[in-house]
Every structure is written in structure tokens, then in C-alpha cells.
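The next block holds one structure in the form of C-alpha cells; read it before the comments.
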Amino acid sequence: MQKNKFWDELKKHRSDITALGAFVVITIVAIFAGFMETPETTSSLTIATAALLGVKRPDFYRFKFGDFEIATILDGAGQFEDTHPRFGCNVEQDTVLNYAKQHGLPTAWYENGFTPAIVNTGKELVLFDTGFGSAKRENGLGQLRGILQSSGYAPEDIDIVAITHGHPDHILGLMENGQPAFPNARYVISQVEFDYWNKNENIPDFRTENRELFMKIVTPFAEKMTFVKGGDTIASGIEAVEAFGHSAGHMAFHIESNNNRILLIADTTNHYILSLQQPDWHFNVDDDKEMAAVTRKKILEMVSTENIPIIGHHMPFPSVGYVEKTSESYRWLPVAYHFNR
Ligand SMILES: [Zn+2]
């Protein structure tokens, strides 16, 4: 009897174990089946084929400079196919294209960025150049305004707009849909530059349309303008520097705070290799090519020997860097973390 009872108990127990096992298996299968059918899971499995989103450039950089803050903003970038004669129009095409190739650049095209800058002196907010504004926004340019607003500045906050020269990429953003883009600002431009366009003397033919733009966009601000020459102070710590050639009255600006110096060179050099490393090569939209080359060499020599960093409107973003003097000429050294504390 004892033996039979034992087996009966065991059989009963076994059926419990089997039932429990079946329950666990069914539950796991059910969970797994549910898991497989969850819509979120289905979509997470397809994320492996996320859409390609295209090129996105960095477009805003703010750094400390003495007691000042400086920001560079990418208004946009354009790609062009006239590497020669745009750069080195006074030398052979092969010379320029081979040089580009030797330096790892595409030869069939080049990219040019447009970089206005803001200096906060602690007393005034100074904007250097205005980008393309609403006029070219549908082409992906004219981004300054939107980036300004998302970076903690409002167009109404700008106290001074300094125009380095009167070419379209620097002046079009003065207006926003026919209205002043920076309604509380006063304006600074070099006297020579203003007179050059206003008097319409010795303007090259290829600048005819540019002259019309200048008269339409810049001259209406004349009453609010200060006309400066080299050595004039435009705001505390900021001095105008004559850098003529790219245009008749093209200006650079020397910025100094707490013994830190930086030179905003505007369009003194327009490509970090094909112009900065070859300052004698003519840039075919320099209005006075000989004078521009002389200015370029003078400024590159100064900033390289005195180790003054520069902000260049058409240097690769963030458009801040040093110029190193080499045995042959000069070399662009983009900023790294130099000014991040
Ligand atoms: Zn320019």
C-alpha cells in the first residue's frame, strides 16, 4: 500500500509540474508573439533604413575674447565651378588646378562660405556685415537672421552695423523684406567706400549691378552712418584698418580687449589655400587686383609675425584662425579650442 501511495503522489505532482511547465511555455510564446506584433517594435526594426538627411554645416560659434564675446555666423555657402579664373586669374589654369589637387581640394568646384560676425563689447553689440538677407534666402543663403534669433540675439539688439565694403554678400542683409533689418542700429562704413559707389567713378563694368544695389540698399541709411578712415575707433576697443583693393575702401577691423587682439580681415583673402597661401594670385572679383595683392601680403605678414588671430569672411567656418608664416608663404591654422575658456 505504502509503495502505491508513493507513486500516486508522484504522478499527481508530475502533472502539476507539467501544467506549470506548459503555462510558462505558453506565456513566453504569448509575450514573444505580442512583442513581435507591437507596432513600435516593427518601426524600430526599420530604423536601420533611416532617411539620408544631406549636408549640415556648423553655422554658429561664440567664444570669449578678453572681456568681449565674439560670434561668427554662417549666413550660407555657395558652390561654384570657376576655380580658375576665380582664383589666380593672373596665372595659368593648370598651375591653379594642380595646386588645388596637391592640397587635396576638388578641382572642378569650390565652396565659399559667408560669415558675418558679432562682437559684444559689454557695452555695445556690433555686427560686421549682414549677409544676403531675405533677397537670397530661398537659395539657402541669408540665414544670419534666423541663426541670430536662435542664438540669443535679437535683430533689435544690434547697436552698430559695420559694413566692411559694399559687395552684395555684405550689404543685402541690411534690409529684411524692404524694411531695415536692424531697426535700432547706427551704421559704420569707410568714407572712401561710400564715395566710391556713391560718386560712381572708376567702378569696373562687372560691378554695374552692384552699384545699383548699393544705391538702393546702403545710401538710404546715410543719415545714420558714421564715415570712417583707418585708425578711427568705431566702438570701445574696435578700430578701423584700411585694407583697400578688394574694393576701393575695403576695411578690416582691429579688435582688442584686455591685451587680446584679433583682426577681422573681411575679404582681404578669399580662400584659405588658393588665396591665403598664394597672396600674389589675383582674385578676379577684387576691384583693384594689384592693390588687393599688396594689401593681402601686408596683412598676412602682420598677423603671422605678430601672431594675431583673424576672422575671415570667406575662410572655412568658423572662419577664425591663425596665419602661420612658412618658408614659401603662409598657411591657415583654423582655431581649435584656443578661445573656449
Ligand atoms: Zn565677400
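Throughout, read-outs are computed from the coordinates displayed, never taken from laboratory work. All values reported here derive from a predicted model rather than from experimental measurement. Ideal geometry is used to build each Cβ from the backbone, glycine not excepted, and the neighbour counts take in all protein chains shown.
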Cβ-defined net charge surrounding Ser134, 15 Å radius [Lys, Arg +1; Asp, Glu -1]: 0
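Two decimals is fine: what's Rg over Rh for segment 187-294, C-alpha atoms, Kirkwood radius as Rh?
Working: Rg = 14.8 Å, Rh = 14.9 Å.
My calculation of the ratio gives 0.99.
Determine the percent antiparallel among the DSSP beta bridges restricted to segment 115-269, to the nearest 5.
On the way: 18 of 28 bridges.
Bridges in segment 115-269 are about 65 percent antiparallel.
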FRET efficiency for Asn90 and Asn139, using Cβ-Cβ distance with R0 set to 30 Å, rounded to 0.05: 0.50
Computed lengthening from Arg57 to Phe206, 0.36 nm per intervening residue step minus Cα-Cα distance: 50.6 nm
Chain lengthening between Tyr337 and Ser236 when straightened (0.36 nm per residue, less Cα-Cα): 33.8 nm
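Checking the table Lys64/Lys297; Lys136/Lys216; Lys298/Lys325; Lys56/Lys136 against a 20 Å threshold on Cα-Cα, which pairs fail?
Values: Lys64/Lys297 28 Å; Lys136/Lys216 16 Å; Lys298/Lys325 12 Å; Lys56/Lys136 18 Å.
Among Lys64/Lys297; Lys136/Lys216; Lys298/Lys325; Lys56/Lys136, the Cα-Cα distance tops 20 Å for Lys64/Lys297.
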Diffusion constant of the chain at 37 °C, which comes from Stokes-Einstein with the Kirkwood Cα-pair radius and 0.692 mPa s, µm²/s: 142
The chain: most fluctuating residue of Ala48, Ala243, Ala252 per GNM, C-alpha cutoff 10 Å: Ala48
Spin-label model distance (nm) - Glu81 vs Glu156, 7 Å beyond Cα toward Cβ: 4.7
Prolate/oblate/rounded call for segment 135-211, Cα gyration tensor, a/c under 1.5 rounded: oblate
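What is the packing order of peptides 293-305, 328-340, taking the mean over residues of other C-beta atoms within 10 Å and listing the highest first? Mind dumping the intermediate values first?
On the way: 293-305: 18.4, 328-340: 14.0.
Averaged packing, sorted descending, gives the order 293-305, 328-340.
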Förster-model FRET efficiency, 45 Å R0, Met291 and Thr49, C-beta, rounded to 0.05: 0.20
